1. Out of all the residues in the stretch B:222-237, which are in a loop (DSSP other than H, G, I, E, B) and open to solvent by 80 Å² or more (accessible area, probe 1.4 Å)?
2. Can you tell which of B:92, B:117, B:140 is within 12 Å of chain A (Cβ to nearest Cβ) and either at pLDDT below 95 or open to solvent by less than 70 Å² (accessible area, probe 1.4 Å) (or both)?
3. For the condition without any contact (Cβ under 8 Å) to a residue 60 or more places away in the chain and among the basic types (Lys, Arg), what is the one hit in A:43, A:132?
4. Filtering the stretch A:64-74 down to residues that are out of contact with any Asp or Glu (no Cβ under 9 Å at 6 or more places or on another chain) and open to solvent by less than 20 Å² (accessible area, probe 1.4 Å), which residue is farthest from residue A:95 (Cα to Cα)?
5. When residues of the stretch A:19-35 are filtered for being at pLDDT below 95 and either crowded, with 20+ Cβ neighbours inside 10 Å or charged (D, E, K, R) (or both), how many remain?
6. Is the stretch B:172-192 home to any residue that is surrounded by fewer than 22 Cβ atoms within 10 Å (Cβ to Cβ), within 9 Å of another protein chain (Cβ to nearest Cβ), over 14 Å from the mean Cα position of the chain (by Cα) and in contact (Cβ under 8 Å) with a residue 24 or more places away in the chain?
7. Do we have any residue at all in the stretch B:175-183 that's touching a Leu at 6+ places or on another chain (Cβ under 8 Å) and farther than 30 Å from residue B:41 by Cα?
Amino acid sequence: MAARRALKAVLVDLNGTLHIEDAAVPGAQEALKRLRATSVIIRFVTNTTKESKQDLLERLKKLEFDVSEDEIFTSLTAARNLVEQKQVRPMLLVDSRALPDFTGIQTSDPNAVVIGLAPEHFHYQILNQAFRLLLDGAPLIAIHKARYYKRKDGLALGPGPFVTALEYATDTKAIVVGKPEKTFFLEALRDTGCAPEEAVMIGDDCRDDVGGAQNTGMLGILVKTGTLNCEMTKYLELSIMKDQRTRGKWEIPSSR
Amino acid sequence: MAARRALKAVLVDLNGTLHIEDAAVPGAQEALKRLRATSVIIRFVTNTTKESKQDLLERLKKLEFDVSEDEIFTSLTAARNLVEQKQVRPMLLVDSRALPDFTGIQTSDPNAVVIGLAPEHFHYQILNQAFRLLLDGAPLIAIHKARYYKRKDGLALGPGPFVTALEYATDTKAIVVGKPEKTFFLEALRDTGCAPEEAVMIGDDCRDDVGGAQNTGMLGILVKTGKYRAADEEKINPPPYLTCESFPHAVDHILQHLL
């Protein structure tokens, strides 16, 4: 196994890591400045299906984080890149607020389906249209497959169930572009010129951020802000024990 | 393996076997009469998510089949039986035409989800309600999991994808009550007092009718009407006990060899 090379890139999760909703994690702006004083390339990465890069940038600036738009890489970016690579015309089942990230992409006479968290599109007629495109051979691109997410009024279905529904109906598999997929991390690193072995990911989601990054060959740092809980700590211990690269190199937090 | 006992019950599929849409299979009414002249108990079984027993009975009577309502067993019946067994109050995501088969079942303050082919209910808000019930531990009962079905304007999503969506969201498995599930056949036989080894199933769907029945310990007779396509009988293992032209031929075989 290749020895680790010098660190050249740092990927940072946004919500839960740099900030919690509309409040910055205490000391985070300062910490970011200190990181920038080094030579590492920084990318801010997040799974989102409804926030355009512009939205994210505005929130970060409001919280006084020094970030530029081309340092932001989201699952929407990943989806757009894939659509361009495949040269397809997608039926976009995404939140209208995500559409700015698809500017310039042809959507008439679709021959692909891109699906994010879009409750307003998740009804029988629209899903049936997507189903028929898929039967004709259109690729199914999923921004991510989250089972559910937290809303003010409780848990609510994520895009995952609807992706799974279409996969089942057509007996095909979606291409998932968001965390924890390898492609997400590789794409995020692509324009940095850095290999995974030269990068570290910092995030609060054990499976999606740290697990996904480590599967790609990066180091993963799990922060105890955001969504971490006991179940995930145990999962982390298991994944660290399985991952030879990190055994003995990092302090394994004791479960709480 | 237990030796087969005498034949005591015959399960007969409806659409594709006894009739094709609104036309009876030639000779089928007569064959049914001959079967009734014996001592076997007969059940008419079908997967449906939108036809109540009353609807099915009316169609059969119009086609001059001598059938009574309590001889009909559908996937809706199976779902209802399960709801009663479990003593739950279901959120019914079923076609409104199926509701008569749930008369008498409590549905307020639901603690179970029953899901059939119900496009009018398959939108985010309703599915989210179902999702939350399941998170609270409610069982998910699926009438069946067909991926799609044929409509006049082309193929359309069946209930299967939506069941799968909820299974995925909650990391649980639905209890599927329709063919080819074992429970369907066992339930169909339950009030006949017959064991699977004493029963035979006649149907046109190799996997769902014959395969499902044989998995339960019954004999399966595949008829070449309805959705049968050449070489279907090679698709299941073990193959059908018998493959024959149509329902009347199946009845002939039963009368000559199984009774």
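1. We begin by selecting, within the stretch B:222-237, every residue in a loop (DSSP other than H, G, I, E, B); these are B:224-231, B:236-237.
Result: B:224, B:227, B:229, B:230, B:237.
2. Numbers: B:92 fails: within 12 Å of chain A (Cβ to nearest Cβ); B:140 fails: within 12 Å of chain A (Cβ to nearest Cβ).
One residue alone meets the criteria, B:117.
3. Numbers: A:43 fails: without any contact (Cβ under 8 Å) to a residue 60 or more places away in the chain.
Of A:43, A:132, the one residue that is without any contact (Cβ under 8 Å) to a residue 60 or more places away in the chain and among the basic types (Lys, Arg) is A:132.
4. Our first condition is that a residue be out of contact with any Asp or Glu (no Cβ under 9 Å at 6 or more places or on another chain); within the stretch A:64-74, this holds for A:64-69, A:71-72.
Restricting the remaining residues to those that are open to solvent by less than 20 Å² (accessible area, probe 1.4 Å) gives A:65, A:67, A:72.
Numbers: A:65: 26, A:67: 24, A:72: 19 Å.
Step by step, filter the stretch A:64-74, then rank; the result is A:65.
5. Result for the stretch A:19-35: 3.
6. no
7. There is no residue in the stretch B:175-183 that is touching a Leu at 6+ places or on another chain (Cβ under 8 Å) and farther than 30 Å from residue B:41 by Cα.
Residues are listed down the side, and each one gets a yes or a no for (1) of a type outside the set (Lys, Arg); (2) touching a Leu at 6+ places or on another chain (Cβ under 8 Å):
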{"position": "B:16", "(1), (2)": "yes, no"}
{"position": "B:28", "(1), (2)": "yes, yes"}
{"position": "B:33", "(1), (2)": "no, no"}
{"position": "B:37", "(1), (2)": "yes, no"}
{"position": "B:42", "(1), (2)": "yes, yes"}
{"position": "B:48", "(1), (2)": "yes, yes"}
{"position": "B:57", "(1), (2)": "yes, no"}
{"position": "B:75", "(1), (2)": "yes, no"}
{"position": "B:84", "(1), (2)": "yes, no"}
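The values are calculated or read from the model by the stated rules, or taken from the named source; none is laboratory data. Just so it is clear, the structure is predicted and the values come from calculations on it, not from any experiment. Methodologically, a virtual Cβ is constructed for each residue, glycine included, from the backbone with ideal geometry; neighbour enumeration extends over all protein chains shown. SASA here: full protein model, heavy atoms, side chains in, ligands and nucleic acids out. Shrake-Rupley method; radii C 1.70, N 1.55, O 1.52, S 1.80 Å.
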